[in-house]
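Each remark here refers to the structure printed beneath this line.
The values are calculated or read from the model by the stated rules, or taken from the named source; none is laboratory data. None of these values were measured; they are calculated from a predicted model. Quick reminder, even Gly has a Cβ in these numbers, built from the backbone with ideal geometry, and neighbours come from all protein chains shown. All accessible areas refer to the heavy atoms of the entire protein, side chains included, with ligands and DNA or RNA removed. Shrake-Rupley method; radii C 1.70, N 1.55, O 1.52, S 1.80 Å.
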Amino acid sequence: CIEQMFGGGAMSRSRDYAVRCPKCGSIMPFELFDSITSSLNPELRQQILDDRFETVVCPDCKAVSYIQYDILYHDPARRFMVCVGTDYSDVFQQSDCPAGYKLRYVDDYKQLAEKIRIFEAGLNDGIMEITKEAMRHMAKRNLELYYAGSRRKLMFFTVPGQEKHVAVSQGLYTLAGKYYDRIPMEEDRGFLRINQKYAEALKKIEV
């Protein structure tokens, strides 16, 4: 996938697939994507952001299933790639990647959607993780937070299970940026995990 994306053959790759409905056992056909290029399939990008990507409806009993599998997301205009479930670092080091690309590894589609929102907004995901860690510290709760967007000097975050967004001043993000360089980064070229565990490393450093 990576060689084709960087070698002038940027494309979204898919194949037909099928699974059994967990409710009635019927076969549910769906299109399985090995990779998605945002500029070629903006509708898939929107499905990821709306938490609708690979939501499959059974043709018989109409039960809705959420199917997750490994995928590679590529935004050539903003120069970032995010792999879900599979770390492509070994393959990447054998390819000719243009300079300046941000490469990330995440566990699920919610984390993928957040990375898309962060990078499309021109923000730094490392600083964002420090910001979220500061919010947890202030709330004295281990909140599961996902960046949802910014408006009028406020940043909004979703919390699974809650209807309302959590808002915080963008000033907290600016303050978090002062600590960004204090967290050691991996030196190897490859897909980095920039997540809550990354931000928690600040607790071991004198700030």
(request) Collect the residues in region 20-43 that are over 14 Å from residue 72 (Cβ atoms) and buried (at least 16 other Cβ atoms within 10 Å of the Cβ), keeping them in residue-number order. (result) 21, 28, 30
(request) Could you please tell me which pairs satisfy a Cβ distance under 9 Å, a separation of 6+ or placement on different chains, a first residue in region 181-199 that is on the phi > 0 side of the Ramachandran plot, and a second residue that is modelled with pLDDT of 85 or more and aromatic (Phe, Trp, Tyr)? (result) 190/105
(message) Could you tell me how many of the residues in region 56-95 are within 15 Å of the chain's Cα centre (by Cα) and charged (D, E, K, R)?
(response) 5
(message) Can you say whether residue 5 is open to solvent by 70 Å² or more (accessible area, probe 1.4 Å) and either at pLDDT below 90 or more than 27 Å from residue 160 (Cβ to Cβ) (or both), as far as the supplied structure shows?
(response) no
(message) With the requirement that a residue be touching a Phe, Trp or Tyr at 6+ places or on another chain (Cβ under 9 Å) and of a type in the set (A, V, I, L, M, F, W, C), what does region 135-166 give you?
(response) 135, 143, 145, 148, 155, 156, 157, 159, 166
(request) Name the residue, out of 184, 98, that is more than 24 Å from residue 66 (Cβ to Cβ) and open to solvent by 80 Å² or more (accessible area, probe 1.4 Å). (result) 184
(request) Output the residues belonging to region 55-66 that are in contact (Cβ under 8 Å) with a residue 40 or more places away in the chain and not aliphatic (A, V, I, L, M). (result) 61, 65
(message) Between 62, 115, which is basic (Lys, Arg) and under 22 Å from residue 201 (Cβ atoms)?
(response) 115
(message) Among (1) of a type outside the set (Ser, Thr, Tyr); (2) assigned to a loop (DSSP other than H, G, I, E, B); (3) closer than 30 Å to residue 22 by Cα, there is one condition residue 112 misses while meeting the rest; what is its number?
(response) (2)
(message) Given the condition over 13 Å from the mean Cα position of the chain (by Cα), touching a residue at least 12 places away in the same chain (Cβ under 8 Å) and open to solvent by 10 Å² or more (accessible area, probe 1.4 Å), answer yes or no: does some residue in region 107-116 qualify?
(response) no
(message) Within region 125-137, does at least one residue satisfy the condition of being at pLDDT 95 or above, open to solvent by 60 Å² or more (accessible area, probe 1.4 Å) and not small (Gly, Ala, Ser)?
(response) no
